[in-house]
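Just below is one structure, and these are the notes that go with it.
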Amino acid sequence: MNDEPRRALAVLRVSLMPVIAIGELLVDRDLLSPGFWWVYAAAAIYAVAVLVVVMAGREPVRLGHFTAVADLSFLMLLEALSGGAFSQIRRALYIVPLWAAMTQAPRATAWWALGAVLVYLTAALVPVDRQLPADATEQTIVHGLYLAWTGAMAVLFARILQARRRQVAEHEARRQRLIADAVGAQQRERRRLAYALHDGPVQNLLSADLRLRQAKRGDLSGFDDARSSIKRTVAELRDALFELHPHQLDLFGLAPALRDLAARVRATTDAEIDIEVTATSKLYDDLLFQIARELLTNAARHAHATRISATVQQTEDRLTLTVSDDGHGIPPGRLTQAREQGHLGLAAMAERLHAFAGTLEIDTGTDGTTVRIALPIRRTADHAHAESVAPSSAAVLERRRSAPMS
């Protein structure tokens, strides 16, 4: 139990003492045994002492076990000394299993519930000096059954809470993995981009500078070589910019960006790629593009597919991306192995989709692979605002056209 439930229980324990006193003075004052108020005073001192210790933050590790036994013991004694099975204090026993359900594991809750039933039945066996109803035994049994049913319900409630806590822990672990993957991917992408710029554009520009110096000394052939180096540099920089973020996505939307992506993949792999986009959402365009790039690249380069199709469409209230290929398929255990080797791919894709309440389905075999991505289409105020503040293609294009050339 963490600090907050311990403090709440300590406050609840102290607040119960005046309730017990008022109940006994108003209802059970003629049924009190001689030692009741002595036990009540001891219980009140105990409750206040535990509250002081808990609030001071100096609670020993085993104090929780002591208070569990002490609470039930005091309730049993007070009930036995104030009318037994018909004491007003018996109502306080119902809170015992319910409180345990909110703070303890199901097994511990079951023990608390069993303890509450045993406390009630034990106090009911104590003889009282008064005339009991004719059906006192039946009432005692019925009350014990209700208390036992409350305990069973508390155990079920504890199991539900435990499952919820486990889900929250899994979500938090998934979020932490996603953050770690994102940070790692960013660092790897920066290193890859740095090496690519150093080995490509930088070397090309150095070569162009050398050729221009030669041309300055009279070797005019250096102009052609310098021009070729500059052209290669521009092409490589365009590829690098596309890898960082495709400007077509902002200018023209998802469909043209995917077709440009397909053309780039075809140019390096000779795979036939069909793109069909019948529905889009500004909220998901960037995510769908990143996922499609990962899937198309994997299918063409790693699965050695010759035909690939990518379809984006709306099905009821979900936006779906389906990518199919005729490649070699994904070997068993490859996703786990890829994550262990630091590759994001489909493993991280599932984490990103989960953040958007999306789903990922993979159907793979020796005759190809089909990956289905589904994202919910929610027209909430936040999403409408996100789409409204996203610049339209025409607006971005107009700004590009009106911007001065550098």
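When the criteria are applied in full, T280 meets the requirement of being in contact with a Leu (Cβ under 8 Å, 6 or more places away or on another chain), not basic (K, R) and not in a helix (DSSP H, G or I). Selection within region 193-202: residues that are in contact with a helix residue (DSSP H, G or I) (Cβ under 9 Å, 6 or more places away or on another chain) and surrounded by fewer than 15 Cβ atoms within 10 Å (Cβ to Cβ). The member of this set that is modelled with the lowest pLDDT is L193. So for region 154-171 (the condition being modelled with pLDDT of 85 or more, open to solvent by less than 40 Å² (accessible area, probe 1.4 Å) and over 39 Å from the mean Cα position of the chain (by Cα)), does at least one residue qualify? No: zero hits. Quick check on region 326-367: of everything there that is assigned to a loop (DSSP other than H, G, I, E, B) and at pLDDT below 75, which residue is least open to solvent (accessible area, probe 1.4 Å)? If we take residues in region 326-367 being assigned to a loop (DSSP other than H, G, I, E, B) and at pLDDT below 75, then G342 is least open to solvent (accessible area, probe 1.4 Å).
For residues in region 283-303 being modelled with pLDDT under 85 and outside any helix (DSSP H, G or I), which is least open to solvent (accessible area, probe 1.4 Å)? So, considering only residues that are modelled with pLDDT under 85 and outside any helix (DSSP H, G or I), the one least open to solvent (accessible area, probe 1.4 Å) is A303. Only one of the numbered conditions (1) within 41 Å of the chain's Cα centre (by Cα); (2) over 18 Å from L16 (Cβ atoms); (3) of a type in the set (D, E, K, R) is violated by D30, and that is (1).
If only residues of region 67-118 that are closer than 18 Å to I141 by Cβ and not in a helix (DSSP H, G or I) are counted, the one that is farthest from the chain's Cα centre (by Cα) is G83.
Restricting A226, A262, A235 to those that are more than 30 Å from L287 (Cα to Cα) and modelled with pLDDT of 75 or more reduces the list to A226.
The helices (runs of 4 or more DSSP H) found entirely in region 210-274 that carry 2 or more residues being out of contact with any Lys or Arg (no Cβ under 9 Å at 6 or more places or on another chain), open to solvent by 20 Å² or more (accessible area, probe 1.4 Å) and among the charged types (D, E, K, R) are 221-244, 254-269. For region 26-46, taking the residues that are in contact (Cβ under 8 Å) with a residue 12 or more places away in the chain and among the small types (G, A, S), the one that is nearest to M76 (Cα to Cα) is identified as A43.
Return the residues of region 283-300 that are in contact with a Leu (Cβ under 7 Å, 6 or more places away or on another chain) and among the small types (G, A, S); say none if nothing qualifies. A292 - this is the single residue of region 283-300 that is in contact with a Leu (Cβ under 7 Å, 6 or more places away or on another chain) and among the small types (G, A, S).
The values are calculated or read from the model by the stated rules, or taken from the named source; none is laboratory data. As the structure is a computational prediction, the values presented were derived from the model and not from experiment. Reconstructed Cβ throughout: ideal geometry from the backbone, glycine too, with neighbour counts over all protein chains shown. We work out accessible area using only protein heavy atoms, side chains counted, and drop any ligands, DNA or RNA first. Shrake-Rupley method; radii C 1.70, N 1.55, O 1.52, S 1.80 Å.
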